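This report refers to the structure that appears directly beneath it.
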Amino acid sequence: MARRAADQQDYVDRLIEAMTGTYEPEVAEAKAMAYRLRRLAHRLETDIKRELSPHGIELWELELLACLIRSRPDHQLSAGQLMAQLQLTSGAITNRVARLEGNGWLTREIDPNDRRSVLVTLTPAGMERAFAVFAIKTDAEFSLLSSIPLTAQRRINDDLRTVLIALEGQA
């Protein structure tokens with residue numbers, strides 16, 4: 001695994017160096033990438049949650065509302081579609097939908113075309129709430145990542161897209 005100059009090392013470089021000789025180089029490289037992705041995801045989520053907290057909304061709430069906003073024209077998805085898009089279990093979706101329904105941000109009803117399915121629909125109050133805080137999330141993302149040059153952001157995005165397509169397949 002190629003090393004950067006000492007002044008260019010990050011925390012993960014130190015972890016991997018401590019494991020020198022433990023893994024084959026390709027395994028160490030995959031391990032380093034996994035560590036970096038987890039650390040970045042944790043940092044991004046922590047920063048966004050901190051910014052959203054004073055506004056009384058959780059990140060998961062905003063993400064669920066955003067899924068419904070994107071489902072045009074009726075802002076409605078089945079519980080199964082929400083489960084797939086948010087990568088959650090059916091129990092988690094049930095609990096989250098119930099909580100947001102209690103806030104008046106969405107409704108749920110039995111699908112008239114398939115009585116086994118539940119349809120979740122965004123309410124005007126839910127849409128208003130989401131739009132009121134979308135900018136806060138966007139500002140937090142930009143604040144954290146804007147120090148990375150745009151060309152590097154594009155390259156990283158392309159590389160991450162390649163990884164996700166390899167793992168999840170095409171959209």
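Determine which single condition Tyr35 fails, assuming it passes every other condition in (1) farther than 30 Å from Gln9 by Cβ; (2) outside the structural domain of Asp139 (by TED's automatic domain parsing).
Among (1) farther than 30 Å from Gln9 by Cβ; (2) outside the structural domain of Asp139 (by TED's automatic domain parsing), the lone unmet condition for Tyr35 is (1).
Is it the case that Leu86 is more than 15 Å from the chain's Cα centre (by Cα) and either in the same structural domain as Thr123 (by TED's automatic domain parsing) or closer than 22 Å to Ala171 by Cα (or both)? First the steps, then the outcome.
Values: more than 15 Å from the chain's Cα centre (by Cα): no; either in the same structural domain as Thr123 (by TED's automatic domain parsing) or closer than 22 Å to Ala171 by Cα (or both): yes.
Taking the combined requirement at face value, the residue does not satisfy it.
Could you look through region 100-131, keep only residues that are of a type in the set (Ser, Thr, Tyr) and free of Cβ contacts under 8 Å to residues at least 40 places away in the same chain, and pick out the one that is surrounded by the most Cβ atoms within 10 Å (Cβ to Cβ)?
Across region 100-131, the extreme among qualifying residues is Thr123.
Among the candidates Ala92, Ala79, Ala5, single out the residue that is among the hydrophobic types (A, V, I, L, M, F, W, C) and either touching a Cys at 6+ places or on another chain (Cβ under 7 Å) or modelled with pLDDT under 95 (or both).
Ala5
The values are calculated or read from the model by the stated rules, or taken from the named source; none is laboratory data. Here the structure is a predicted model, which means the values were calculated and not measured. In this analysis, Cβ positions are derived from the backbone assuming ideal geometry, glycine residues included, and neighbour counts consider all displayed protein chains.
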